Each structure stands twice: as structure tokens, then as C-alpha cells.
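Participant: Before anything else, here's the structure in question.
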4 protein chains.
Amino acid sequence: MPVRAAVLAAYHQPLEIREYPEISHVGPGEVLVRMEMAGICGTDVHLWQGQLPIPVPVILGHETVGRIEALGDGVEVDWRGDPVSADDRITWASSLVCGECYYCRVKRQPTRCVARKAYGISYCADEAPHLRGGYAEAILLRPGTALYRLPDHLPTEAVVGAGCGLVTAIHGIERCPIEWGDVVVVQGSGPVGLAALAVAREAGAAKVVVIGGPPHRLEIARRFGADAVIDVGAVPDPEERHRVAQREISPHGADVVIECVGHPQAVNEGIALCRDGGAYLVLGQYADAGNIEFNPHIITRKQLRVIGSWGFEPRHVDKALALLARDKQVRDLFASEITHHFRLADADRALQTVRNWQSGKSVLIP
Amino acid sequence: MPVRAAVLAAYHQPLEIREYPEISHVGPGEVLVRMEMAGICGTDVHLWQGQLPIPVPVILGHETVGRIEALGDGVEVDWRGDPVSADDRITWASSLVCGECYYCRVKRQPTRCVARKAYGISYCADEAPHLRGGYAEAILLRPGTALYRLPDHLPTEAVVGAGCGLVTAIHGIERCPIEWGDVVVVQGSGPVGLAALAVAREAGAAKVVVIGGPPHRLEIARRFGADAVIDVGAVPDPEERHRVAQREISPHGADVVIECVGHPQAVNEGIALCRDGGAYLVLGQYADAGNIEFNPHIITRKQLRVIGSWGFEPRHVDKALALLARDKQVRDLFASEITHHFRLADADRALQTVRNWQSGKSVLIP
Amino acid sequence: MPVRAAVLAAYHQPLEIREYPEISHVGPGEVLVRMEMAGICGTDVHLWQGQLPIPVPVILGHETVGRIEALGDGVEVDWRGDPVSADDRITWASSLVCGECYYCRVKRQPTRCVARKAYGISYCADEAPHLRGGYAEAILLRPGTALYRLPDHLPTEAVVGAGCGLVTAIHGIERCPIEWGDVVVVQGSGPVGLAALAVAREAGAAKVVVIGGPPHRLEIARRFGADAVIDVGAVPDPEERHRVAQREISPHGADVVIECVGHPQAVNEGIALCRDGGAYLVLGQYADAGNIEFNPHIITRKQLRVIGSWGFEPRHVDKALALLARDKQVRDLFASEITHHFRLADADRALQTVRNWQSGKSVLIP
Amino acid sequence: MPVRAAVLAAYHQPLEIREYPEISHVGPGEVLVRMEMAGICGTDVHLWQGQLPIPVPVILGHETVGRIEALGDGVEVDWRGDPVSADDRITWASSLVCGECYYCRVKRQPTRCVARKAYGISYCADEAPHLRGGYAEAILLRPGTALYRLPDHLPTEAVVGAGCGLVTAIHGIERCPIEWGDVVVVQGSGPVGLAALAVAREAGAAKVVVIGGPPHRLEIARRFGADAVIDVGAVPDPEERHRVAQREISPHGADVVIECVGHPQAVNEGIALCRDGGAYLVLGQYADAGNIEFNPHIITRKQLRVIGSWGFEPRHVDKALALLARDKQVRDLFASEITHHFRLADADRALQTVRNWQSGKSVLIP
């Protein structure tokens, strides 16, 4: 029986439902997975808009949970060494690296592997075995993919609800550590912003202020533990916003400011909120959204650290799942981010709800 | 007998020689010093041009060596605890901090002390006791100034030749460490650039490439240990310069790039030369020289660390002097940076040689 | 009116109540404080037993809260820069350092200042002004003492209940950081152990196991957030204890183990519980309690970091007070550690309750 | 034609020359190498004495250079990605790790991989393909072994002369960094000690003092850049040695002390030489040589960091080879450590020269 998938065939065009041949052979190290749920990530909208160089047609979807249909030879354990077998519910790291290049080996920065490929992003759907994205009834995982068997008490909704935002935040805060007792500002209340807030809280931030919107997202931010929220809709003037934020943190500024917005203009606003000697984590500029006017004197004068972080490694997925598994409150919060469920056939409509900021988080149930 | 000093009375105007009353009383903790030599720093040119908010009239000069004329009550040892007495040759940290503010205490970033004042920069010469800068026959040091008695084998020329460039580089590289074996690019071959080169070599860089000019400065850079130099005059096109630099380092880029130029345009060129996951030290943007077009996406995508560093602390002066004291080759190199000696009366002419890039380093012998 | 104090005049002898002359003159920078509460620290028992070289007679007491009776000239703000005035309720850092020695200046390790002196420990009560310890109706604080005005909502009981254990734990964990998601073992459930547990939780430990006793202390540890507790009384065999602990953490061992016991034998047990590449924080060996048989091969083979931490700095007091001020649950827990209140006249009896492990925490109300 | 090898068949017994079947098939990923030179490491003596649990019979030899005889399918590049082909001269990392266990993956401590195996140490020579050690005419390298093609200007003598001491020192100093300007003491003047000295110099140590012997080794230490040497033979009393060392460093002690001795008694002597807040790197306790009397109070009171380091990773071999390739003086020094050359047939005699400290470094030329 053919396998159906929602395909981005051309930028800005509606996703199409296409059929691909059933996978008849699962090679050594491969894993065939029957999809249970795939999240619609904001990045998928950027991809749909052609803002990153990817092959088309492509089956989108990189936030995924499924059940093992078939295991290739040699796949007996997951990334943590726990046994896996058919019908286990799993998730997996969306990226695969070569492990051999200059970045993987010499510099231990595998997220910058020269051969890195991500499910739902980097694979042309025209090439066999076609099924390399999450918006589909099944996916064929390549040898070496980091798998994680999910414990029964960890719902699929929590894993997909946390999505790639949580692992991105974990990696970022690893690179730009929050010291116990720090005052933190998070710019943005999307999935990455809420995840950064959650991780900042976990890491011992004394106070976290979230600048974002719209109000229903800030309400979620409060539930995630924000000490204060600032609505960019209610305070549209950046200078006024700066004053309001300073009142919440301190006139000196915050120890760490985390950018999770994606608009390049956020950078100057965020750097202005750092205290001298503080740190600015640029987490949201995943897509190239253009230039800003920038004064590098501020880096020297305020003695700042400005830190970038790209993607994540399998060990960050492991940490994310461990957090969700041990903290009921956190996993319930991430699960509750999902507000809209769609069938695979309605993938394009699902994508549009995300594009139009109509949903919390939307997911596909193939 | 009155004390003569070269005074900046108005921006862009020639320095004037003025006379101030002799210091008749040295209070507790104060030290009266007879100047032996004062360096003309590039910053002095920026100050003369009015690029930083300072009081005028001001006696410039913050790179200084002198002999103790009189010690106030309670001054018995230098910063390292070694005894000091009249007629000792000393240097001193040009800045004084309060030790009590949020930055001094809570965040241990004393270079950002809210009450920090620097000799030769922050003191209005109209206010008694007037003598707070290096372009003068004498200076009265405030209680708490970090003094350093100079060993006999350490020439005044080496200390002033190293000047504030060396301590600035030491602080910067402390904040943005060079790992043993790193490939380093230094942008700029002025005093800070050469000092950064020297410290990078000391810190174990495997290779250091200097991008600067003019050729006579690059020749000094070679003597300071640069493995390769790129003359911005000979390779004026930034893209071509990028290719030339990549050939010297590697196509991946450098582990650490150190900006010691001061022109904001250098920042984009330098960041482009960092390898992914590398570090960019913004050391030269001491003055506010305006905005650049900047794309923050590069911080995220290349997973960079961009580090600022402002001024220095007394312990960096201690490290600088220890380096000069123990390494004859290094101190000879720094001493040889001094190419022009002027009398105090010719201070304005001395400043103009620096402004016009006519000299290596110019000094005043009051 | 003379001031009464409880004095340790000779090791192992009952504390004596003595009277000292009223402080008639408060010099510049000094602060005269009317004591409100002084904690009996386990260290006081060690001092009473003569295990550290201190002068006698001495007024013990270094965990203290009082009200300002008189401010010397120049004392207008507390350590954070907030204004202080007569009758304000304050606490203070028990140690004073010189700020000028090799450790204060060059190496930035002020806790190892060569001239460090602590109230309640280092001052001979025979020498004027006598009042330099907490077991007294009043104390005269030296110029430069770090003061902290207490907000009204922060009860004295919470500050003294947290005592020097909390600041010691904060400094230790600063030197041996707990990474978000770490598995931590705390050896010891005394004041330092509970504080280490509290800070480990704050700093994002995924799991904290406490090994200690007796059961009522472990019950408090549970309330402080311990995921599991192991009663050394119930599991007296170290090898069995090791197996029980491994079941709670993992066969690999813990990421960080924190020693808060004080018996040197705890060290081998704790190191055995570290995972390879993990860290062991030796926090409890404040007194010299003798040698152990130790095999240094384990440091190399397990690739460990073994970290020591001595005392604390004023900024750690600031962090401790900030934690107590912002987290009601934590301050209530620390306040609830105080189980016994004594009048000054009963100081010796108070000390004996601590010595005999009869109390949670005992305090004096002068 | 059979392949000859020197085999340790029983502890404390002379090495035997045995013959093994020629390797007729080189499998995928494997590399067959004709040995050019194998160093006799001090560890080989420990293995011969049965101080570590290894299988016997075993072909010793883990410091090796050879020429490629045959490449298995898929081996086209070395660890750095440079092409390799038959007859290339190469060296290789002696250990192979699984890349999948808790230590390899989750904790990124691959030197503690649960499945780590080292050529010349961990392979029973009775098991096919037998040739897994350096004291042989050939070795068959397993798939995944980190290979390094040697540039023509880098002599075999320098690579084997540096041996595993250099990579061990590089890993150790990575874990316990030497800050530019540090004062360092190295305990031991064997291969690890000299390598630690070389790396400490490279990393910017201001002063390095070596405590070791006999005099001819200290003479080499001077050539390697030691500022001072202390002969344990000439100063046999530990307390006197402590005083002599303090005179060379400072009464405060050294910033970093590196133990490269192997006798556990060295640990107390070394820790006593650390300044407060300094670091002690335990690099030499590779074998379990028994217990010492140790007082853990010193860790707390001196606020020390005691750091262990085990073995090395391929990236450390890469750094070692890069150092040798770029610095003629350093590679000549390491090459000159080799004082005795033996034929394979004389392997036992070679081992005895090392055991009896008769040689600088001994090597086998098969």
C-alpha cells in the first residue's frame, strides 16, 4: 500500500498530498517508523516561504513521534543504550552528522558538520526512499539516527509540544550558561522563547522577564514561570519598552538576555537590556532575515559576550526528554501548547494556522 | 616653582603649555611623581578630536613612568606589596575605581565601575590639584592608585612602549582565551594589535596572521612573531583580503580573530574570518565610531562567541610588567616601538605625528 | 551600662558570662549593633574543642542579626549601596579581608586573604573594644564590614537559620558548578548539607540524593527537595550504602558529589560515588580532623575534579539573602531549622545541645 | 611469510619472539601496517610487572610509526581527512572507543569508554588476527582507528620520541588549563614530565620548575625550557625539597603543579607546593601503586582544584603532531630523547634498559 505524505513542491504554494511506494526493505541500521504525530514548526513556514536553501519537493516535518514498524539489522538499542523493538513509541534527533569532518572531530561542533542533514528539511522527496520527513504516514530513518524510546508516562503531546524549541534552548543555554541567581530577559514568547524561559527557570534564574505577545502567549509564559511579561502590542515603542523592562529587571540591565524572536531588529533592543559584562544569546536568528544598523562600540564598551547557537546535538534531545520525563508540570505545560490537531490531508491548512499566528502549536495526526 | 603641563583646552586645537602651582602638600595615600616619560596613545588623538565625552581643559597622558618625589602617609608598598620609597622609578594603573559599586562588588567587573576615572582623561585641569595627567612635569596620584616599582633591568622605554596596548590586550585575551594550538588572526598592527599578537604568541597560538599596515608596522609585526602578514594597502579589496587570509589560515577560518582596528567596518571582515564555533574579540572599538550594516544571522549560524573587553584592571598591569621583566626579547621589541622622542614643549607636534601615522610610537620627555 | 557576652575562656570549659565596657565612641566606618539573634554553628563546637587555632578568651558567634545602634562617620549605605540608618535590622559578612594582599589582589581568592579575620572566631575578647562576637548583647563592627539591611518580609529566623551553611554552599557550588540536569549526591544532612541540597535544587539538579541522618534531619532534607535520602544509621555498612546509593543515582555514579560531613572518612565514600569525569566538592573539611588512607590512582583513572572551597565572600551573602528574600518556601524551610531558643545567660547549654546533636539549630536571643 | 613479534607471555618473564600467520585479507576499514619503529613506554614495564589487568600473551607496543602495506575498503583518508594510500608513513591513536556508550555519548568523556581497547595493551595475542601490538613486524589496525599521515619533514624519531607522553600531557593540560603567566611545577622528568614541561611552556607558563632526576634527565629538562630544576637525588629530604622549590617559585606556591611521577607519595609533596586556590593535575597515577596517608582538610583549606586525566583522544594526537610539525626545536628535542635503538629480536633487552632507567628512551626497529 502506498504511503501518503504532504509535500512542499514549490515555495509559497499549497502543500500537496502525494503517494510514495511502500518501503519493502529496511536495510542494516535503518528504522521504519509509522508516524503518530508531527508538529508544525515556525521554521516550516520559513521553509515554505523559501527563506532557506532546501531541495524541493520536500516532505516537511522535523518534530515527530512514531512507532517502530521495522528495525534494520543491528538496531537493538536506542541512543541511550536502552533496548528497542517493534511497536515501541519513539522520537528521534532530526539531524544526522558525519562524525568525521573538521567540525565533528577536531572542533567538536557537530551542529556545524559539513554534511549535516535534517529530516523534514534536507531531503528531496523525489529521491528514493522518499520518506524522509514528518508530514507523512511513515518515515525511513537512516543508519546512525539517534532514537529515543519514550516511557509510557511521557505523552506524545508533550514531546511534540516541546518540539525543536526545547532542544534549541537547551543547546543555547549550554553555550551561554545562566548562573544560579541571574536575572534573565527572554525576547519572544513563541515555542523557542517559552522553552528558553523553562530552561532558564530550571537553571536557577532568580527572575525571568518575557517580552513578547500576543497576550495569550504571555499568559502561557506566566504559567511557565515568567516573573513578569511585557506585551509588545501594548508597548509598541522600543524606548518605552526599554524603560518598562528596566523597571522589571534593574537599571543596570539583565545578566543574560535571550533572543528568541527572529526579527533582526530585536538584537539592538536586546543588547541594550544587557548589563555591562553580561551576555546576549542570539538564538532566534535561524533564518537570514536581513541586516540591521549596528554599533560595535557597544560590545567593547559594555564588555559583552554575544553568543550564537545553531541547532542541537542528540545529547540535548536526551536532556529534553529527561526533563519532560521527570517533571510533570513542565511536560503538561509543553503538551498544552498544542491547540490545533489536523489530519495529514489538511497539512496545508495546518501550516497556514501557524503562518497566521492563529494557533498555539498545530500538529498533524497522519 | 610652577609645574608645566601640555593641556588640551579645546578639541581640535593645538595643545597649550600651561603652568600650575607646585604641589606643596602630599596628603595621606597620595604620591607625587616627577614624570620621566609619557607615551602618546592613539586614544589621545581620539580625545583631541572630541570623540569621547571628557572635561576640558585636560592634561592628557595615561602611559607613564616617573620617579617618586614624595609619598603621602601610609604609602609604603606598591600594588604587589613591595616597598616603595622616594626616588623609586614607578609606573601606575591609569584608572581608579570605587571598589563599592554594583560593578566593582556584585559583578566583579571593575572596569565598568560607575565612578571610574583615568589619569590623562577624566580630570579637569582647572580643578586643584590640577596635575592628573601624564603630559606634565609632575603628577599627583590619588590614594588607592595602583603603583608598580620598576626593576632596574626593565627600561622605561619598554614600559611606555608597551603602553596601554599591552594591558588592554591582556585583559581582552583573558576574557576571550586563546587555547594552546589555536589559529589566530589579528586585525590591526597598531600598538594594540602588536600587543595582541605578542600575547597570543605567549598564550600558545599555533599561528598568528596579522592584517594591517603600513608595511613598516607589518615588519614590526613579523619581528613580534607574526607567521604571516597581510598589507591592507597592498590588498585593498576586502573580498580579496578574505581570500588571501583564508589561504594563510584555513578555509574553515580562524579559531580566534582579534579586532584591534577601531574602524567599525573591520567587524564584518573579522567575523567572516572566524571559523564556525570560533570567537571574535572586539578590542578596538574603544571610541564610538558609528554604525555598520550587520547581519545577526551570522552569529547564530556560525555559532560564534563575540566578546568585548573594556580597559584593564591593576592585575593586568602586573601581568604586563611581569612579562616585560622576564622576557628580554619582548621588552626590546616593545621598547623599539618608540621611534620619536619630544620635549614637553613640543607636545602638540608629538600628537600630530601620531595623528598622521608618521611615527611608530611617540613619547614626551618632560 | 556594661555589655554582657558569653565567652569561651578555655577549651572544653563552660562558656562564661562576662561584662565589657559600653562602647562610648563609634569611630569612622564602624557600626555598633544591638544583637537580636545569634546562631550556634557546628563550627563553634569545633572551636570549643580547640580544633582550630584561635585566641582565647573569645566571644563566639558568627551567624548574626541585629539592629543598628550607632553608625560611624561615613557609613551611609550597606554593601549593596542601599541606605542604612539607626535602628535598621541588618546582618553582616562575618569575615573581613585586607583587599591588598597577594590572594585578595593578584589571585582574586579573598577567602584566603592572609589577614582575614572573622567575628566570633579571630578576636581576643581581652582586647578593646572586646565586642567582636555574636554571643553578646552588642557587637562593634569594623570599618569595611559588609552590611546588609534586611527587608521587612525576611525574618531574622530565616537569616540565622540559613546561617553560614548557606553562604558556604553557595561559594562551594560556584567553584564546582552544578550543570542543569546533573545528578547530585549530598553527603551530610547538617546545616551545610541542607543548604547544599537547596542550592543544588536551585541550580537545576535533576536529582539530589542525601546521605545523612538522623531520621529527623532526613525528613527535613525531604522537605528541602531531596529526591531520595539514605540514613547512615539504618545502613551503617559503607559498601552496602554504596550499593543503595548507586540504585538511587545510577551505576555510573553521580555527576557531582558534595561532601558536607566533616569526617575525613566521608571522602573515600564520596569519591567512589562520582561518575568518571565527575566532580567532588570537599566542603565539609573545614577543621583538620586527621588523615585517611587514600589512593590517588582513582583521581587519574576516574578522571575526576576534586574541588575545595573555603568560607565565602560578601557577594555570596548577597546571593543568599536574595534567595531568602525571593523564595518564601526556602526561607520558611531555613527558618524552621531553628528548633531551640536560648537566652544569652544559657549560652553554654545552647552550645551543648548542638554538640550533642539534640537540636535542629539552636540560637541565642540576647 | 610469517610475521614475527615480541610477546609478553607471562608477567616478569623475558619477552619471547613468536611468529604469527601473515595477514592475507584486509577487511573493510582495516589497515595493515609494516612497523617502522615502536617505542618502549614506561607503562610497558608496569604491564610486564603485572600492575594492570591485561590479557596475556600480549604483543606490547603502543607508541608506533609504520608504513601502510594495505588499505581495507573504505579507508581513503586519515583522521584529518587527508588522503592516505599504500606506502604512506603513518602513526595512529593507540586506543579505540565505541562511540556509543554513556561516556562516549552522554558525558563526552570517551577516554572512559566502557569498551575502550588499546593496541599493545588490551588484545590477547592468541586470538586472530594476533597482530595488535607495536613490538612486531606488522600490525593490523581495526576499522575506525584514527590514522595520521606524517609529513615528510616530521621524522619518525620525533613522533615515537614524543610518544604517549606528549598526548597524555596535552589532554591533562586541557583538563587543567595553564593560564598565560602561571608559575608551574612539574614533578617528574620522565617522558610525561618532559612533555608536560613542553606543553606548559607552549601554553604560556611564566616559569616552570621541574623536580626530578637523574641529572641527565634534568639536563634534558633544561633544554626543554625548564627555568629551574631540582634533583631529587641531590635533595632527598622532602621538607628540604619543599623549601628549595619554594625559593624557586614563591612562598605562596605554584599556580599549577603537575604530577608526572607515578609514585603515590608524590601527591602530598605536590599538593603542598600549590598556592591556595591553585590546581594540582594528577597525571602520573596511571597504575594503581597503592595508598597514601592523606589529609582532605588541605583541599578545603587551600581551596584547591585537584584534577585527573586519563589517556587521550584522537584530537590530542592531532594537536601533538601539529606541534611537532610546526616547531623544529620541539621535535628535535623529542627526537633526541631516543638514546637506544634495538632490533625486534632484542625486545626484552630493550625493555630491561627502560626498567633499569639506563636509557633516555629506547625504541625497536623491527
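Participant: If I fit a long axis through the Cα atoms of helix C:191-202 and take the longest principal axis of the Cα atoms of chain C, what angle between them do I get, 0 to 90°, rounded to 10?
Facilitator: That helix lies at roughly 70 degrees to the long axis.
Participant: Additional query: Quick check: residue separation of A:ARG34 and A:VAL114 times 0.36 nm, minus the Cα distance between them. What number comes out in nm? The partial results should precede the final answer.
Facilitator: Numbers: separation 80, 0.36 × 80 = 28.80 nm, distance 2.96 nm.
The span from A:ARG34 to A:VAL114 would gain 25.8 nm if fully extended.
Participant: If you don't mind, there's one more thing I want to ask. Cα-Cα pairs above 44 Å in the protein assembly as shown: how many percent? Walk me through the numbers before you get to the answer.
Facilitator: Details: 534980 of 1070916 pairs.
Percent of Cα pairs beyond 44 Å in the protein assembly as shown: 50.
Participant: Counting Lys and Arg as +1 and Asp and Glu as -1, each charge on the Cβ, what is the dipole of the protein assembly as shown about the Cα centre in debye, to the nearest 20?
Facilitator: 0
Participant: In nm, what does the list of distances from D:ASP126 to its counterparts in the other copies look like, shortest first, when each label sits 7 Å along Cα to Cβ?
Facilitator: 6.1, 7.8, 9.7
Participant: When the helix-only estimate is applied to the protein assembly as shown (DSSP H runs of n ≥ 4, each -39,500 (n - 2.57), divided by the residue count), what is the mean residue ellipticity at 222 nm, nearest 500 deg cm²/dmol? Don't skip to the end; give the middle numbers.
Facilitator: Numbers: 40 runs with 408 residues, N = 1464.
Per the formula, -8000 deg cm²/dmol.
Participant: Quick one: angle between helix C:238-248 and the longest Cα principal axis of chain C, in degrees between 0 and 90, rounded to 10, please.
Facilitator: 80
Participant: Further, regarding this structure: Output needed for the stretch A:224-283: three equivalent-ellipsoid semi-axes, defined as square roots of 5 times the C-alpha gyration tensor eigenvalues, in descending order, whole Å.
Facilitator: Listed largest to smallest, the semi-axes of the stretch A:224-283 are 16, 15, 12 Å.
Participant: Turning to a different aspect of this structure: Do any of B:LYS107/B:LYS319; B:LYS207/B:LYS302; C:LYS107/D:LYS302; A:LYS328/C:LYS207 go past 18 Å between their Cα atoms, and which?
Facilitator: Violating the 18 Å limit, Cα to Cα: B:LYS107/B:LYS319; B:LYS207/B:LYS302.
Participant: Further question: What is the local net charge at C:PHE342, summed over the other residues whose Cβ is closer than 12 Å to its Cβ (Lys, Arg +1; Asp, Glu -1)?
Facilitator: Net of charged neighbours comes to +1.
Participant: Oh, and also: Select the chain C residue whose beta carbon lies nearest to the rotation axis carrying chain C onto chain A, and write the distance in whole Å.
Facilitator: Closest to the rotation axis on chain C: C:GLY204, 3.
Participant: For C:ALA115, go 7 angstrom from Cα along the Cα-to-Cβ vector, then report the distances to that same point in the other copies in nm, smallest first.
Facilitator: Label-point distances to the other copies, shortest first: 2.0, 6.2, 6.4 nm.
Participant: Of the beta bridges DSSP finds with both residues in chain C, what % are antiparallel, to the nearest 5?
Facilitator: Numbers: 30 of 57 bridges.
Of all bridge pairs located within chain C, approximately 55 percent are antiparallel.
Participant: Something else now. Can you pull the three principal axis extents for the Cα set of the stretch A:147-218, in Å, largest first?
Facilitator: 36, 29, 19
Participant: How high is the FRET efficiency between B:LYS328 and A:MET1 when r is their beta carbon distance and R₀ equals 51 Å, given to the nearest 0.05? Could you put the intermediate results ahead of the total?
Facilitator: Details: r = 82 Å, r/R0 = 1.61.
Calculated transfer efficiency: 0.05.
Participant: Angle between the Cα long axis of helix B:314-326 and the longest principal axis of chain B, 0 to 90 degrees, nearest 10?
Facilitator: Rounded to the nearest ten degrees, it is 80.
Participant: In addition: For the stretch D:84-227, what D do you get in µm² per second when you plug the Kirkwood radius from alpha-carbon pairs into Stokes-Einstein at 25 °C and 0.890 mPa s?
Facilitator: Rounded, D is 140 µm²/s.
Participant: Loop sites only, by DSSP: take the chymotrypsin sites (Phe, Trp or Tyr not before Pro) in chain C that have at most 15 other C-beta atoms within 10 Å and name the longest stretch containing none of them.
Facilitator: The answer is C:12-356.
Participant: Okay, moving on. Shortest first and in nm with one decimal, please list how far the B:GLU219 label point sits from its counterparts in the other copies (point 7 Å along Cα→Cβ).
Facilitator: Result, one decimal in nm: 4.3, 7.4, 8.5.
Participant: Once the other residues with Cβ under 11 Å from the Cβ of D:PRO83 are scored (Lys, Arg +1; Asp, Glu -1), what is the net sum?
Facilitator: It works out to a net charge of -2.
Participant: Tally Lys/Arg at +1 and Asp/Glu at -1 over every other residue whose Cβ is under 14 Å from the Cβ of A:TRP180; what's the total? Show your work: numbers first, answer last.
Facilitator: Details: positive: A:ARG201, A:LYS207, C:ARG175, C:ARG201, C:ARG315, C:LYS319, C:ARG326; negative: A:GLU179, A:ASP182, A:GLU202, A:ASP255, C:GLU174, C:GLU179, C:ASP182, C:GLU202, C:ASP318, C:ASP327.
Residues near A:TRP180 contribute -3 overall.
Participant: To continue, here is another question. If you take the Cα atoms of the stretch C:1-157, find Rg, then find the Kirkwood Rh from the mean of 1/r over all pairs, what is Rg/Rh?
Facilitator: Taking Rg over the Kirkwood Rh, I get 0.96.
Participant: Additional query: Separation between the A:HIS216 and B:ALA70 pseudo-spin-labels, each 7 Å from Cα along Cα→Cβ, expressed in nm?
Facilitator: Computed distance between label sites A:HIS216 and B:ALA70 equals 7.8 nm.
Participant: Given the Cα atoms of chain C, and with Rh set as the inverse mean 1/r over their pairs in the Kirkwood sense, what is Rg to Rh to two decimals?
Facilitator: Across chain C, the Cα-based Rg/Rh ratio is 0.97.
Participant: Something else about it: How many angstrom separate the Cα center of the stretch C:225-261 from the Cα center of the stretch D:336-366?
Facilitator: 48
Participant: Could you tell me the center-to-center distance, by alpha carbons, between the stretch D:97-129 and the stretch A:85-160 in angstrom?
Facilitator: Using only Cα atoms, the two centres lie 26 Å from each other.
Participant: With viscosity set to 0.692 mPa s at 37 °C, what whole-number translational diffusion coefficient in µm²/s follows for the stretch C:177-308 from Stokes-Einstein and a Kirkwood radius over Cα pairs?
Facilitator: Roughly 228 µm²/s, to the nearest whole number.
Read the figures in this text as sums done on the coordinates, not as results from a lab. None of these values were measured; they are calculated from a predicted model. Every residue, glycine as well, gets a Cβ built from its backbone with ideal geometry; the counts of neighbours run over all protein chains shown.
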